[in-house]
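The values are calculated or read from the model by the stated rules, or taken from the named source; none is laboratory data. Remember, predicted model here, so these are calculated numbers, not experimental data. Cβ sites come from the backbone with ideal geometry, for glycine too, and all protein chains shown count toward neighbours. These area figures cover heavy atoms from the full protein model, side chains too; ligands, DNA and RNA do not enter into them. Shrake-Rupley method; radii C 1.70, N 1.55, O 1.52, S 1.80 Å.
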Amino acid sequence: MGKRVAIIGAGVSGLASIRSCLEEGLEPTCFERSDDIGGLWKFSDHAEEGRASIYQSVFTNSSKEMMCFPDFPYPDDFPNFMHNSKIQEYIIAFAKEKNLLKYIQFKTLVSRVNKCPNFSITGQWEVITEKDGKKESAIFDAVMICSGHHVYPNIPKESFPGLKRFKGKCLHSRDYKEPGAFKGKRVLVVGLGNSGCDIATELSHTARQVIISSRSGSWVMSRVWDDGYPWDMMIVTRFKTLLKNNLPTAISNWLYVKQMNARFKHENYGLMPLNGVLRKEPVFNDDLPARILCGTLSIKPNVKEFTETSAIFEDGTMFEAIDCVIFATGYESAYPFLDESIIKSRSNEVTLFKGIFPPLLEKSTMAIIGLVQSLGAAIPTADLQARWAAQVIKGTCTLPSEKDMMNDIDEKMGRKLKWFGTSETIQTDYVAYMDELASFIGAKLNIPWLFLTDPKLAVEVFFGPCSPYQFRLVGPGKWPGARNAILTQWDRALKPMKTRVVGSLQKPCLFCSWFKLLAIAILLIAIFLVLL
């Protein structure tokens with residue numbers, strides 16, 4: 001085996017990192033503080049310290065064909081959007097298929113990661129672990145941090161005057177598990193993200209009254225998209241990404257808002273974002289508009305002040321006799337085992353090259369896997385990040401100079417401010433980001449060449465879903481089954497719904513919607529040019 005690599009966390013990112021290290025001939029050792037793999041997707045009926053925590057009813061927001069490991073499709077009969085137990089079943093199957101479990105040390109806490117005294121020469125790290133009350137220290141050639149960013153809850157108490165004197169129950173969404181304890185209660189949910197909306201809609205069936213307080217609003221999307229197909233198989237495509245990134249800003253923004261309002265007018269439901277053209281990650285919730293229509297759930301602006309029993313909102317209205325406040329206010333990116341200056345090297349912000357590498361290290365022997373967010377699935381993103389990181393650690397890929405990396409970070413931050421706003425520092429464009437990572441390891445597709453050599457596949461790759469299989473079609477780590485997986489992805493997507501046969505499977509027409517969209521875009525450009 002080659003260099004020794006410490007991997008922290010055995011969730012999706014950790015498993016991808018173990019596999020990538022093995023592909024590159026490295027020697028991985030994964031430390032997992034719990035007794036099982038899965039990370040975020042491993043449900044527990046109580047929140048565990050230092051580990052991501054989900055509620056019992058969590059389903060995926062990405063469909064199965066878009067969130068698999070690129071060489072390991074989900075079983076045909078798995079639903080498109082899966083309960084967390086199905087994801088955990090898949091993760092376990094992947095780990096066993098790839099023989100990854102033997103590289104994991106369970107119930108082992110990483111308490112500290114320090115640079116070795118000769119780090120500037122060797123790039124080595126001292127990793128201190130604790131197991132059964134005993135501490136151990138070991139030297140590793142590299143470290144891959146895969147502990148996720150849904151671990152340490154953010155409750156901005158200073159933003160809510162009077163909260164200390166509130167007599168009701170307060171908890172963070174990570175401590176919420178199921179609705180039974182809230183039956184007949186009056187509940188305020190602070191935050192209009194995915195967790196806040198999921199919890200609020202679930203509670204609206206059993207609680208007496210539920211109100212969501214939102215500071216800035218959110219776009220709310222359905223998992224069910226045009227003609228009933230999964231949203232991401234219709235939206236996350238190379239063609240749409242090309243249009244979005246090359247149309248004039250005014251036209252791109254108009255199309256984006258029109259798309260977000262296709263299901264319902266957000267203004268009428270009190271959900272409209274303050275800056276509607278920002279591409280911040282939308283909320284995926286199929287029930288929220290219906291619960292608002294039925295009156296079992298209401299949307300209010302930000303909380304101005306708490307009293308002993310009530311919340312006063314910024315519009316002057318009040319929610320009285322509150323039994324419980326649930327803060328769905330997100331998480332802080334924290335790595336208590338690591339000197340913060342390594343990843344927060346500027347203005348207390350996470351500063352990473354391509355969202356992976358700390359740019360100021362003398363040696364590129366540390367990688368953060370799974371930290372970025374995009375309108376795409378986490379599993380294929382982590383897989384591609386880990387593949388690149390493993391090659392950098394091995395030495396087959398090299399990073400630019402510190403100056404070039406910092407310049408790239410500044411450039412990308414400027415682009416993020418335009419598309420995602422100031423609050424989304426780890427947000428990125430999925431297709432562009434994945435292609436960028438693939439180019440570093442020689443796995444990026446040459447689309448024009450593909451149209452010349454394999455037009456059938458090229459049409460599906462360019463106009464169809466940008467599914468994970470595309471990133472193991474060519475180059476290192478190439479999977480022989482990738483082409484067939486792409487050409488049959490709609491068969492797997494439609495099969496679990498074919499429980500009552502009423503006709504043949506109706507796959508989407510890739511060109512119809514694109515011609516319509518292209519025609520609209522051309523018309524708008526023509527009008528724009530005429531008005532100049």
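Points worth noting:
- Screening the candidates ALA47, ALA95, ALA52, ALA6 for the property of being over 17 Å from the mean Cα position of the chain (by Cα), of a type in the set (A, V, I, L, M) and modelled with pLDDT under 95 yields one hit, ALA47.
- Residues that are open to solvent by 40 Å² or more (accessible area, probe 1.4 Å) and among the polar types (S, T, N, Q), drawn from region 452-472: THR453
- Filter pass, ASN194 being under 21 Å from ASP45 (Cα atoms), touching a residue at least 40 places away in the same chain (Cβ under 8 Å) and open to solvent by 40 Å² or more (accessible area, probe 1.4 Å): no
To keep it simple, each residue is scored yes or no on (1) in contact with a Ser or Thr (Cβ under 8 Å, 6 or more places away or on another chain); (2) part of a helix (DSSP H, G or I); (3) free of Cβ contacts under 8 Å to residues at least 60 places away in the same chain; (4) of a type in the set (D, E, K, R).
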residue: LEU445; (1), (2), (3), (4): no, no, yes, no
residue: TRP449; (1), (2), (3), (4): no, yes, yes, no
residue: ALA458; (1), (2), (3), (4): no, yes, yes, no
residue: VAL461; (1), (2), (3), (4): no, yes, no, no
residue: GLY475; (1), (2), (3), (4): no, no, yes, no
residue: ARG483; (1), (2), (3), (4): no, yes, yes, yes
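- For region 148-177, the tally of residues that are in contact (Cβ under 8 Å) with a residue 40 or more places away in the chain, open to solvent by 40 Å² or more (accessible area, probe 1.4 Å) and of a type outside the set (A, V, I, L, M, F, W, C) stands at 9.
- Looking only at region 306-316, residues that are of a type in the set (Val, Ile, Thr) and under 35 Å from the mean Cα position of the chain (by Cα) come to 1 in all.
- Residue within region 390-409 that is surrounded by fewer than 20 Cβ atoms within 10 Å (Cβ to Cβ), part of a helix (DSSP H, G or I), modelled with pLDDT under 85 and of a type in the set (A, V, I, L, M) present: no
- Within region 287-305, the set of residues being over 27 Å from the mean Cα position of the chain (by Cα) and either open to solvent by 50 Å² or more (accessible area, probe 1.4 Å) or basic (Lys, Arg) (or both) comprises LEU293, CYS294, GLY295, LYS304, GLU305.
- Residue check for ALA200: surrounded by 15 or more Cβ atoms within 10 Å (Cβ to Cβ) and not in a helix (DSSP H, G or I): no
- Restricting region 17-51 to residues that are charged (D, E, K, R) and open to solvent by less than 50 Å² (accessible area, probe 1.4 Å), the residue that is farthest from LEU109 (Cα to Cα) is GLU24.
- The set of residues in region 479-504 being among the basic types (Lys, Arg) and within 24 Å of PHE239 (Cβ to Cβ) consists of ARG483, ARG492.
- Unique residue being over 24 Å from the mean Cα position of the chain (by Cα) and under 21 Å from THR329 (Cβ atoms) when the list is LEU271, LEU188: LEU188
- All positions within region 95-151 that are β-branched (Val, Ile, Thr), touching a Ser or Thr at 6+ places or on another chain (Cβ under 8 Å) and closer than 21 Å to GLN385 by Cα: VAL143
- Which numbered condition SER137 misses (of (1) in contact (Cβ under 8 Å) with a residue 24 or more places away in the chain; (2) open to solvent by 60 Å² or more (accessible area, probe 1.4 Å); (3) of a type in the set (Ser, Thr, Tyr)): (1)
- Restricting region 473-524 to residues that are modelled with pLDDT of 75 or more and of a type in the set (Phe, Trp, Tyr), the residue that is most open to solvent (accessible area, probe 1.4 Å): TRP479
- Residue-level check: of (1) open to solvent by 20 Å² or more (accessible area, probe 1.4 Å); (2) under 24 Å from the mean Cα position of the chain (by Cα); (3) among the aliphatic types (A, V, I, L, M), ILE128 misses just (2).
- Condition check for ILE326: crowded, with 17+ Cβ neighbours inside 10 Å and not in a helix (DSSP H, G or I): yes
- Residue list for region 87-121, restricted to those being touching a strand residue (DSSP E or B) at 6+ places or on another chain (Cβ under 9 Å), of a type in the set (Val, Ile, Thr) and open to solvent by 10 Å² or more (accessible area, probe 1.4 Å): ILE104, VAL110
- Among the residues making up region 338-355, those that are crowded, with 19+ Cβ neighbours inside 10 Å and either part of a strand (DSSP E or B) or of a type outside the set (A, V, I, L, M) (or both) are THR351, PHE353, LYS354, GLY355.
- Qualifying positions in region 306-323 - in contact (Cβ under 8 Å) with a residue 40 or more places away in the chain, closer than 12 Å to LEU163 by Cα and open to solvent by less than 30 Å² (accessible area, probe 1.4 Å): PHE306, ALA311
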